[in-house]
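All remarks here apply to the structure that follows.
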Amino acid sequence: MSQYLREQKTLSLPGIGIFHLTGPLPPDDETSLLLSSRVQFENKKVKEADDNLISFIKQETGKIKPLAIADLESFISSGMEMLNMGKPFQLEGIGNIQKNKNGQLEFVASEPVANRHELGQAEHDKRISVFEDSKYEPKSNPLQKILAVGLLLAGVAVVVLGGYYLYNKSNNVKEVTEEESLNKAPVQAPVTDTIVSKPDSSQIVKLPSTYKFILETTNSKNRAYKRYNQLKSLAIDVKIESPDSIFYKLYFVIPATSADTIRIKDSLQNYYGRRVIVEL
């Protein structure tokens, strides 16, 4: 918009008004932003956009006429929204349009960019001068340091307590699982040694015999070894054999008296849910 105003000296915006550029621009100002002090605003109703402005937008953007008109309408619509919200409508390189107390549009010249840069540089130099004269050194706020350390310690505490809680929870679950396994496991009769004081046959007590408690019999080698490896992975002392190379037996070797075999057999059947056969 500022470039068009520099070239045509007049800019008409529908719903806004007409901008006039007064006085010629110096040669060295032709490529810089327009000095808004030279702009005069006429609060006049403009119904349609100037054809020259539409052609200028087409040339600058490379768009067809309908798209150029749509871009201009969108630009003006956005500006009207700003004005309705009580905010100024900024026209870069030209100035600002704002609503006064009576709801009328008025133009406010913006400060030249070059002057703003010079004032900003002067203010920056002034601050440096004040810092050097007073030997000013920025100091950090001790409260911020205390707060940062406190947050850090709180975070570490949360991590430690969380890890301790998870560790205890894991151990408790492991202990409960081990206890349940022990309660369900079959009780094997211990081997008791009998001390014979004299080689008198009347005083010799026979040791418990060793029985085979057959858990499963199958003619499938794959099935047998799959079950065998499964039980072994659970640290169960199971054994496997195939006397005739046709049938495979999975069994436990447990020393027991004849009277204890029924109790052990029932215990194994209840635990594994399968029929158990006892062999000597």
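The values are calculated or read from the model by the stated rules, or taken from the named source; none is laboratory data. Predicted model, so just to flag it, every value in this text is computed and none were measured. As a convention, Cβ positions derive from the backbone with ideal geometry for all residues, glycine included, and neighbour counts pool all protein chains shown. Surface accessibility is based on the protein's heavy atoms, side chains included, excluding ligands, DNA and RNA. Shrake-Rupley method; radii C 1.70, N 1.55, O 1.52, S 1.80 Å.
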Note on Glu180: of the conditions (1) modelled with pLDDT of 60 or more; (2) charged (D, E, K, R); (3) assigned to a helix (DSSP H, G or I), unmet is (1)
Given the conditions (1) modelled with pLDDT under 90; (2) touching a Leu at 6+ places or on another chain (Cβ under 9 Å); (3) of a type in the set (Ser, Thr, Tyr), which single one is not true for Tyr228? (1)
Residues of the range 267-278 satisfying the condition of being open to solvent by less than 60 Å² (accessible area, probe 1.4 Å) and under 21 Å from Lys221 (Cβ atoms): Tyr272
What is the residue count in the range 224-258 for residues that are of a type outside the set (A, V, I, L, M) and in contact (Cβ under 8 Å) with a residue 24 or more places away in the chain? 8
Out of all the residues in the range 35-48, which are open to solvent by 30 Å² or more (accessible area, probe 1.4 Å) and not charged (D, E, K, R)? Leu35, Ser37, Gln40, Phe41, Asn43
Search the range 2-17 for residues that are assigned to a helix (DSSP H, G or I) and pair each with any residue that is exposed (fewer than 15 other Cβ atoms within 10 Å of the Cβ) when their beta-carbon atoms are under 7 Å apart and the residues are at least 6 apart or on different chains. Ser2/Glu92; Arg6/Leu25; Gln8/Asn52
Of all residues in the range 243-266, which are open to solvent by 40 Å² or more (accessible area, probe 1.4 Å) and polar (S, T, N, Q)? Ser245, Thr257, Ser258
Sort out for me the helices (runs of 4 or more DSSP H) sitting completely within the range 47-163 that have 2 or more residues that are modelled with pLDDT under 85 and on the phi < 0 side of the Ramachandran plot. 113-134
